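The values are calculated or read from the model by the stated rules, or taken from the named source; none is laboratory data. A quick note: this is a predicted structure, and the numbers were derived from the prediction, not measured. Positions of Cβ are generated from backbone atoms using ideal geometry, with glycine treated the same way; all protein chains shown enter the neighbour counts. Remember, those area values only see protein heavy atoms, side chains included, never the ligands or the DNA or RNA. Shrake-Rupley method; radii C 1.70, N 1.55, O 1.52, S 1.80 Å.
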Amino acid sequence: MPDWIPMEQVTLLYGDGATGKSLGALQLCVSAETATRWFGQAVKAGPVEFITAEDSEGELHRRLADISRETRQPLENMNGLNVSSFADEDAIMAALTGDGHLVKTAFYDEVVAIVEETRPVLLVLDTLADIYGGNEIIRAQARAFINMLRKIAIKYHLAVVVLAHPSQSGMSSGKGTSGSTGWSNSVRSRLYLDRVHDDDGSEPDTNARVLRSMKMNYGSANNEIRMRWQRGVFVVEGGAAGPLVSSGAKAERVFLDLLDKANHRNNHVSGSLKANNYAPKVFQRDAFKQHVKRGELIDAMDRLITSEKIENAPYGSPSRISYRLQRIHAPAVIAPPLVPGAPPMPPMPASTYKFPG
């Protein structure tokens, strides 16, 4: 998948338990095998290999049956979809020797043999905790393991996706990482499938998910795809086209949401750089929780003002005028007189006025 999951590289896909990363990865495999879009995005078509040490064959079949039904893609036609479960076996691909060196195992060679036979365009490994026998927090070992997987990706011209669980601190920070920084630094792409939370940490829609690009060497990071779980699969919001939310569009959405909340609380903010209540400065902490930086807020504010979606409007008494940022609403509608010859009703917002009958 261009930018998100590059060929001949290793991509880490993080997600907390029961978030649905395995399901999302299976949907990616089906999309590649059937030459269809994954959450609205084009993927390279071809055979795929999904190897899990976490889910049983029965669980995999149940999920694939749901995907087949919802996508109307018969499983019997997916000759290039290869799914293997090693849930009851030792699936460690690299282990430590007595002197602390990381070495390939027999299972690593088995995976290579599978790839040699099926020649997939995509290899999914589920999960990192089941296939890696080293110390997660030692940077050198993390880099060595990623290099082992990258060799497979380069030799067989495929993309490798490794599913992983974030740590508690990784979830709290919103970064979705775990262990040493060597994991993130060693890969070209890192994705994070997360639940959608409100500012207070609550989860208003337990079926909502967001896939974020946390690191993307070949594209713009901070992109996201929003989706919902329904009938056993994830469905992208906005229909089959699959809206890919760019970092700029995301920053504008976050800015407007924070502006609405501030004005609702009468905590007005300004577009003036010298003001104490300069909007990007006031919003930066809450925006950072949503992976939007202050510079992106400034650019978003400028675009919103230029496109006349918000304005720096005066308010207060005539003797002490201040300025605040607010949305520019649609023009008011003048209602027609109810009785011939009667004066018109006062202006009302277009969104609230209802004509009689």
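Evaluating R63 against the criteria (1) basic (K, R); (2) within 26 Å of T36 (Cα to Cα); (3) without any contact (Cβ under 8 Å) to a residue 12 or more places away in the chain leaves one unmet condition, (3).
Residues in region 35-72 that are surrounded by fewer than 14 Cβ atoms within 10 Å (Cβ to Cβ), at positive phi and of a type in the set (G, A, S): A35 only. Taking every residue in region 2-14 that is in contact (Cβ under 8 Å) with a residue 40 or more places away in the chain and pairing it with any residue that is of a type in the set (F, W, Y) and not in a loop (DSSP other than H, G, I, E, B), at least 6 positions away or on another chain, the pairs with Cβ-Cβ distances below 8 Å are L12/W183; L13/Y192; Y14/Y192. Looking only at region 265-274, how many residues end up being farther than 19 Å from F288 by Cβ and surrounded by fewer than 13 Cβ atoms within 10 Å (Cβ to Cβ)? Within region 265-274, residues that are farther than 19 Å from F288 by Cβ and surrounded by fewer than 13 Cβ atoms within 10 Å (Cβ to Cβ) number 4.
Residues in region 28-58 that are within 26 Å of E237 (Cα to Cα) and acidic (D, E): E33 only. Within region 4-41, the set of residues being in contact with a strand residue (DSSP E or B) (Cβ under 9 Å, 6 or more places away or on another chain) and of a type in the set (A, V, I, L, M) comprises I5, M7, V10, L12, L13, L23, A25, L26, L28, V30, A32. Would a scan of region 71-81 turn up a residue that is touching a residue at least 60 places away in the same chain (Cβ under 8 Å) and farther than 23 Å from A144 by Cα? Within region 71-81, one or more residues are touching a residue at least 60 places away in the same chain (Cβ under 8 Å) and farther than 23 Å from A144 by Cα.
Residue by residue, here is whether (1) farther than 20 Å from F288 by Cβ; (2) more than 12 Å from the chain's Cα centre (by Cα) holds:
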residue	(1), (2)
R150	yes, yes
A164	yes, yes
G170	no, yes
W183	yes, yes
G201	no, yes
S213	no, no
Y218	yes, yes
M227	yes, no
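Of all residues in region 102-115, those being in contact with a helix residue (DSSP H, G or I) (Cβ under 9 Å, 6 or more places away or on another chain) and assigned to a helix (DSSP H, G or I) number 5.
Screening region 119-159 for residues that are of a type in the set (A, V, I, L, M, F, W, C) and in a loop (DSSP other than H, G, I, E, B) and picking the one that is most open to solvent (accessible area, probe 1.4 Å) gives I137.
Of everything listed in (1) among the small types (G, A, S); (2) at pLDDT below 90; (3) out of contact with any Ser or Thr (no Cβ under 6 Å at 6 or more places or on another chain); (4) crowded, with 20+ Cβ neighbours inside 10 Å, the single unmet condition for S178 is (3). Taking the criterion of being open to solvent by less than 60 Å² (accessible area, probe 1.4 Å) and either closer than 25 Å to E59 by Cβ or at pLDDT 95 or above (or both), the residues of region 83-101 that qualify are V83, S84, S85, F86, A87, A91, I92, M93, A94, A95.
When restricted to residues that are touching a residue at least 40 places away in the same chain (Cβ under 8 Å) and among the charged types (D, E, K, R), region 262-301 contains 4. If the condition is being charged (D, E, K, R) and part of a strand (DSSP E or B), then region 160-199 contributes R190, D194, R195.
Residue-by-condition table, conditions (1) open to solvent by 90 Å² or more (accessible area, probe 1.4 Å); (2) closer than 22 Å to S172 by Cα; (3) modelled with pLDDT of 85 or more; (4) not in a loop (DSSP other than H, G, I, E, B):
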position: L258; (1), (2), (3), (4): no, yes, yes, yes
position: N263; (1), (2), (3), (4): no, no, yes, yes
position: M301; (1), (2), (3), (4): no, no, yes, yes
position: N312; (1), (2), (3), (4): no, no, yes, yes
position: P318; (1), (2), (3), (4): yes, no, no, no
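For E224, the requirement of being open to solvent by less than 30 Å² (accessible area, probe 1.4 Å), acidic (D, E) and either in contact with a Cys (Cβ under 8 Å, 6 or more places away or on another chain) or under 27 Å from R285 (Cα atoms) (or both) is met. Taking the listed residues L26, L13, the one that is buried (at least 21 other Cβ atoms within 10 Å of the Cβ), under 22 Å from R231 (Cα atoms) and in contact with a Lys or Arg (Cβ under 6 Å, 6 or more places away or on another chain) is L26, with no other qualifying. Across region 72-79, a minimum of one residue is classified as more than 24 Å from Q230 (Cβ to Cβ), part of a helix (DSSP H, G or I) and modelled with pLDDT under 95.
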